[in-house]
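Undergrad: One structure coming up, written as structure tokens, with questions to follow.
The values are calculated or read from the model by the stated rules, or taken from the named source; none is laboratory data. Owing to the predicted nature of the structure, the values given are computational and were not obtained by experimental measurement. Neighbour counts are summed over all protein chains in view; Cβ atoms, including those assigned to glycine, are modelled from backbone coordinates with ideal geometry.
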Amino acid sequence: MKVMGEAGGTVTEANVEYRKLQVTGGSTFIVSLPKRWIRDHGLKQSDVVGVEYMTSGELQIAPNETRSLKRRATIDLEKMPEAALYDFLIGIYVCGCDSIMVKSKAGLKTKQRRTIRNFLRDTRGMEVSVDEEKQMEIISLLNPNELPLQVSLNRMYLLLISVVQDALDVLDGEDDEVLSDLEDRERQIDARRLLVDRQVAMALQSPSIERTLGVDRFQAMEHASMARALERMGDHARSFANIILNREALLKPSVIADPRTHLDVWMASLRTIIRNTYSKDINAIINAKQDLQKAITSLEAFEEELVTRGGEDGGSSVIHFRFSEKIRRFCAYTIDLSETLINMIMASKIKPIEEVSK
């Protein structure tokens, strides 16, 4: 909580008031705290509060023993479009809500209950605590502090690579059964991205969560950007696998040999970038980015040649184009990932300096 004064100040904007510093003991500067804030946190004279200096120059003041505040939202099904329930649930979940009440005077329909089950399947740590005819309550059982953001990024990376590698194995003669859980793996990737968004939103609203996650606000937002890039690659991995499952006979090994080499470049570069999320070897990240840029240039040339040939090969050129395009998109999103990581590394090197007035 950022505290900038209450009584005796001039209100200049919503929830912000300013007051003058006072001096006590000749050298100690003090400022009074809002009575409402003191009362809401049950504080009294001689209690200890934490004062944290932020890189922005602001101070954060928090009780030494922060009370756990639960956030609750209610969805009235009779006051919303029928098809909007899933989107409402996801939006509330991502915002960090601890309890979601879904209610209807007419009673919850079978379709609405199915939507709630799909929401529980597609998210992490949410369970039904109340299930009645006219209402259901969904609560969060997952403490956002217990799962570092990097764990979710690593899990998304492993799921993504597993889909692509299994698809290549099918292309090389492995049984299609290895991709029988393709849809489930993509849902897991999506669920992890939603979890990262939820944790980031909670970190932005709570300094204590921000501290326990081990990231500042800028880093939290960049983690969310990385999760979105991995999610988009997960979507293309699913399409890539389906191309192989449904059009394998049209994929000629001699034609796709060159794009496959760039797939190896992509896998190696992505592995390098993920491994350096915290070790921060910027030279390795930049080298990986350059390799990806070269791969994209080569893939674009390959696709241009396919377009020039047109339909000479009985339609298989379209499948070859799509095969190459998916690899190119993998590379492009991984470049986005590398640039986000470079931004984080550069931000950590910025040091505040005091300007000297002339």
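Undergrad: Among the residues of the range 107-119, is any on the phi > 0 side of the Ramachandran plot and touching a residue at least 12 places away in the same chain (Cβ under 8 Å)?
TA: Within the range 107-119, one or more residues are on the phi > 0 side of the Ramachandran plot and touching a residue at least 12 places away in the same chain (Cβ under 8 Å).
Undergrad: Tally time: how many residues in the range 155-177 are part of a loop (DSSP other than H, G, I, E, B) and surrounded by 13 or more Cβ atoms within 10 Å (Cβ to Cβ)?
TA: Number satisfying all stated conditions: 1.
Undergrad: Within the range 131-142, can one find any residue that is of a type outside the set (S, T, Y) and at pLDDT below 95?
TA: Yes - at least one qualifying residue is present in the range 131-142.
Undergrad: In addition: Can you work out which of the residues in the range 100-115 that are surrounded by fewer than 17 Cβ atoms within 10 Å (Cβ to Cβ) and in a loop (DSSP other than H, G, I, E, B) is nearest to the chain's Cα centre (by Cα)?
TA: Applying the filter and picking the extreme gives K109.
Undergrad: Moving on. Confirm whether S317 is under 27 Å from D172 (Cα atoms), hydroxyl-bearing (S, T, Y) and over 29 Å from the mean Cα position of the chain (by Cα).
TA: In short, yes.
Undergrad: Of the conditions (1) assigned to a helix (DSSP H, G or I); (2) under 16 Å from the mean Cα position of the chain (by Cα), V215 fails just one. Which one is it?
TA: Result: V215 passes all but (1).
Undergrad: Also, I was wondering about something else. Can you go through A229, A237, A201, A241 and tell me which one is crowded, with 16+ Cβ neighbours inside 10 Å, in contact with a Gly (Cβ under 7 Å, 6 or more places away or on another chain) and of a type in the set (G, A, S)?
TA: Residue meeting the stated conditions: A201.
Undergrad: Among the residues of the range 142-158, which ones are touching a residue at least 12 places away in the same chain (Cβ under 8 Å) and out of contact with any Ser or Thr (no Cβ under 9 Å at 6 or more places or on another chain)?
TA: Passing the criteria: L142, L147, P148, L149, S152, R155, M156, Y157.
Undergrad: Same structure again: Residue pairs, Cβ under 7 Å, 6 or more apart or interchain, first in the range 237-258 and among the basic types (K, R), second at pLDDT below 95 and buried (at least 20 other Cβ atoms within 10 Å of the Cβ). List them.
TA: R247/I319
Undergrad: Additional query: Mind listing whichever residues of the range 248-271 are surrounded by 12 or more Cβ atoms within 10 Å (Cβ to Cβ) and of a type in the set (S, T, Y)?
TA: If the condition is that a residue be surrounded by 12 or more Cβ atoms within 10 Å (Cβ to Cβ) and of a type in the set (S, T, Y), then T261, S269 are the ones that fit.
Undergrad: For the range 212-250, enumerate the residues that are of a type in the set (G, A, S), at pLDDT below 90 and more than 20 Å from N143 (Cβ to Cβ).
TA: A249
Undergrad: How many residues are touching a helix residue (DSSP H, G or I) at 6+ places or on another chain (Cβ under 8 Å), surrounded by fewer than 15 Cβ atoms within 10 Å (Cβ to Cβ) and assigned to a loop (DSSP other than H, G, I, E, B) when one looks only at the range 116-154?
TA: Matching residues across the range 116-154 total 0.
Undergrad: Only one of these conditions is not met by T277: (1) farther than 18 Å from N343 by Cβ; (2) modelled with pLDDT under 90; (3) surrounded by 14 or more Cβ atoms within 10 Å (Cβ to Cβ). Which number is it?
TA: Unmet condition: (1).
Undergrad: Restricting to the range 103-136, count the residues that are polar (S, T, N, Q), touching a strand residue (DSSP E or B) at 6+ places or on another chain (Cβ under 7 Å) and within 28 Å of L147 (Cα to Cα).
TA: 1
Undergrad: For residues in the range 4-53 being at pLDDT below 70 and surrounded by 10 or more Cβ atoms within 10 Å (Cβ to Cβ), which is nearest to E210 (Cα to Cα)?
TA: Going through the qualifying residues, I end up with M4.
Undergrad: Restricting attention to the range 54-76, and to residues there that are under 16 Å from R211 (Cα atoms) and touching a helix residue (DSSP H, G or I) at 6+ places or on another chain (Cβ under 8 Å), which single residue is modelled with the lowest pLDDT?
TA: Per the criteria, the residue is T66.
To keep it simple, each residue is scored yes or no on (1) closer than 14 Å to V164 by Cβ; (2) in contact (Cβ under 8 Å) with a residue 24 or more places away in the chain; (3) part of a loop (DSSP other than H, G, I, E, B); (4) not acidic (D, E).
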| position | (1), (2), (3), (4) |
| --- | --- |
| Y278 | no, yes, no, yes |
| Q290 | no, no, no, yes |
| E304 | no, no, no, no |
| V318 | no, no, no, yes |
| R322 | no, yes, no, yes |
| F330 | yes, yes, no, yes |
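Undergrad: Answer yes if at least one residue in the range 178-199 is outside any helix (DSSP H, G or I) and out of contact with any strand residue (DSSP E or B) (no Cβ under 9 Å at 6 or more places or on another chain), and no otherwise.
TA: Yes, the range 178-199 contains a residue that is outside any helix (DSSP H, G or I) and out of contact with any strand residue (DSSP E or B) (no Cβ under 9 Å at 6 or more places or on another chain).
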